[in-house]
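Engineer: For reference, the structure I am asking about is given below.
The values are calculated or read from the model by the stated rules, or taken from the named source; none is laboratory data. Worth saying up front: this structure is predicted, and the values here are computed from it rather than measured. All Cβ positions, even for glycine, are placed from backbone atoms using ideal geometry, and neighbour counts span all protein chains on display.
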Amino acid sequence: MPLKGIKVLDFGRYIAGPYCAALLADYGADVIRIEAPGGNDDRYTVPVAADGSGAMFMQMNRAKRCLTLKPGSVEGREIVRQLVETADVVIANLPHDALVKLGLDYDSLDAINPGIILATASAFGSEGPLASRVGFDAVGQAMSGTVHLTGTPDQPYRAQVNYVDFGTALHCAFGIMLALRERTTTGKGQCVSGSLLGTALALSNALTIDHALNGIDREPIGNRSFSSGPTDVFRTRDGWIITQIVGSGIFARWAELVGRPELVGDPLYASDILRGDNGEELSAIMQRWCIERTSAEAIDELAAGRVPAAPVLRAGEALAQPQVLAMGLVEPVDYPGTKGAVPVIRAPISLSGSDKVDSARAPQVGEHSDAILSELGYDTDAISALRAAKII
């Protein structure tokens, strides 16, 4: 396991920090999630267990250990100091001033352990006029231009999946890997900083480059694409499907399939960008073809013609697909008080020479507090005193 022996302190909340730490845990890191006594708010989002723990929590905190702690208290700071002494990575998606207040800023951590790597994720970074403001995923989506371009001209839409948070987690995990690699030669840790705004702009950069160099102020066009066609969502006799027609070869196969081979020679559709510019008519042609078929019939014909397409599935249908089962993506784990096994999907990558650790559930509130404190040298009486004082 590539990260066996790496110790991570996870002060993260919601997605950006916790998912970053979960990716490290998948490959062997010992990740200690630090929560407030009684649990953090993000534990209880969309409850699925008898103790109130939620769906997002189950995904974000798999295979971690949980220590409850008031890190701002005198006793809590001492426990954090001891944890930091032997840790490799600290993850905290908190604003810079909050990090300083808790003693989790890089200068404070470096004074305790010069080899420590701090990974932070904030809404706007640590510099500039918005640095002190807080924000969630939707803020990054909105400020990157993508919300404006999603939906219709009179109603922008945000993405339901928090892709900015997840993207920030992935960038931070990448940064941690770089910092660990650098530490092998320098012996020195460093601070890895990510931001929601930076991630959102990075993921939408092609749109901003388009505007900067072509000067086109694009407006939303529903589910169609600006740079290909017919890329859209279509109604069938019994549901919906999506197609993404990119490249002249696929476009030619699609045109033949729908009985319109003459479209290949039409100058209106001579390139991907022209097919995007003139995609409304292409979508209308495809819609007429789809409405005569069931979703299964349409998908089968498109697949036979090697044209990319997929059914639009509900969340309840997604994990039951034979392809998902064949890929082994779902790793069910038992959590106390749930109606059944939790269908967790871990890092969807595989390494030819390294395995993930065995699948393990998320921790209950403070489940490992005693064990973690014992590792630091606290005896039973000291742990009981901390619990009585509501420090843990």
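Engineer: Checking the condition in the same structural domain as GLY194 (by TED's automatic domain parsing), of a type in the set (Val, Ile, Thr) and touching a Cys at 6+ places or on another chain (Cβ under 9 Å), which residue from ILE15, ILE32 passes? Please lay out each step first, then the result.
Structural biologist: Working: ILE15 fails: touching a Cys at 6+ places or on another chain (Cβ under 9 Å).
That would be ILE32, the only listed residue that is in the same structural domain as GLY194 (by TED's automatic domain parsing), of a type in the set (Val, Ile, Thr) and touching a Cys at 6+ places or on another chain (Cβ under 9 Å).
Engineer: OK, next. Answer yes or no as to whether ARG77 is assigned to a loop (DSSP other than H, G, I, E, B), surrounded by fewer than 18 Cβ atoms within 10 Å (Cβ to Cβ) and among the basic types (Lys, Arg).
Structural biologist: no
Engineer: What residue, of VAL84, VAL100, VAL74, is touching a residue at least 12 places away in the same chain (Cβ under 8 Å) and of a type in the set (Val, Ile, Thr)?
Structural biologist: None of the other options fit; the residue is VAL84.
Engineer: Residue under question is ILE117, and the condition is that it be hydrophobic (A, V, I, L, M, F, W, C) and touching a residue at least 60 places away in the same chain (Cβ under 8 Å); does it hold?
Structural biologist: Judged against the criteria, ILE117 is a match.
Engineer: Check whether at least one residue in region 6-27 is in contact (Cβ under 8 Å) with a residue 24 or more places away in the chain, over 20 Å from HIS171 (Cβ atoms) and not small (Gly, Ala, Ser), and report yes or no.
Structural biologist: Within region 6-27, one or more residues are in contact (Cβ under 8 Å) with a residue 24 or more places away in the chain, over 20 Å from HIS171 (Cβ atoms) and not small (Gly, Ala, Ser).
Engineer: Here's something else I'd like to know. Restricting to region 24-66, count the residues that are in a helix (DSSP H, G or I) and under 30 Å from LEU351 (Cβ atoms).
Structural biologist: Residues that pass the stated criteria total 10.
Engineer: Next up: When you look at ALA206, is it part of a helix (DSSP H, G or I) and within 25 Å of the chain's Cα centre (by Cα), yes or no?
Structural biologist: Working: part of a helix (DSSP H, G or I): yes; within 25 Å of the chain's Cα centre (by Cα): yes.
Answer is yes for this residue.
Engineer: Let me ask something else. Taking region 307-321, which residues are over 21 Å from VAL344 (Cα atoms) and not small (Gly, Ala, Ser)?
Structural biologist: VAL307, PRO308, PRO311, VAL312
Yes or no, residue by residue, for (1) β-branched (Val, Ile, Thr); (2) at pLDDT below 95:
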site	(1), (2)
ALA63	no, no
LEU67	no, no
VAL84	yes, no
ASN93	no, yes
ASP97	no, yes
LEU102	no, yes
PRO114	no, no
ILE117	yes, no
ALA173	no, no
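Engineer: Select from region 176-197 the residues that are part of a helix (DSSP H, G or I) and within 21 Å of the chain's Cα centre (by Cα) and list them in ascending order.
Structural biologist: Applying the first criterion (part of a helix (DSSP H, G or I)) to region 176-197 yields 176-186, 196-197.
Residues satisfying the conditions are ILE176, MET177, LEU178, ALA179, LEU196, LEU197.
Engineer: Quick test for you: out of THR236, THR231, pick the one residue that is hydroxyl-bearing (Ser, Thr, Tyr), in contact (Cβ under 8 Å) with a residue 60 or more places away in the chain and under 18 Å from PRO308 (Cα atoms).
Structural biologist: Details: THR231 fails: in contact (Cβ under 8 Å) with a residue 60 or more places away in the chain.
Only one candidate qualifies: THR236.
Engineer: Please find, within region 90-135, the residue that is surrounded by the most Cβ atoms within 10 Å (Cβ to Cβ) out of those that are in a loop (DSSP other than H, G, I, E, B) and β-branched (Val, Ile, Thr). Before you say what the answer is, go through the steps one by one.
Structural biologist: Initial filter on region 90-135 (in a loop (DSSP other than H, G, I, E, B)): 93-95, 103-105, 113-116, 123-135.
Now restrict to residues that are β-branched (Val, Ile, Thr): 116, 134.
Working: ILE116: 25, VAL134: 12.
Selected residue: ILE116.
Engineer: Please go through region 311-353 and give me each residue that is surrounded by 15 or more Cβ atoms within 10 Å (Cβ to Cβ) and small (Gly, Ala, Ser), ordered by number.
Structural biologist: ALA347
Engineer: Under the condition of being touching a residue at least 24 places away in the same chain (Cβ under 8 Å) and in a loop (DSSP other than H, G, I, E, B), which residue from region 146-175 is nearest to GLY12 (Cα to Cα)? Walk me through it before giving the result.
Structural biologist: First, pick out the residues of region 146-175 that are touching a residue at least 24 places away in the same chain (Cβ under 8 Å): 146, 148-153, 156, 162-173, 175.
With in a loop (DSSP other than H, G, I, E, B) added as a condition, the list becomes 146, 148-150, 153, 162.
Working: THR146: 26, HIS148: 29, LEU149: 31, THR150: 30, PRO153: 37, ASN162: 16 Å.
Per the criteria, the residue is ASN162.
Engineer: Which of the helices (runs of 4 or more DSSP H) found entirely inside region 293-392 contain at least 1 residues meeting this: out of contact with any helix residue (DSSP H, G or I) (no Cβ under 9 Å at 6 or more places or on another chain) and within 21 Å of ALA36 (Cα to Cα)?
Structural biologist: The qualifying helices (runs of 4 or more DSSP H) are 369-375, 380-388.
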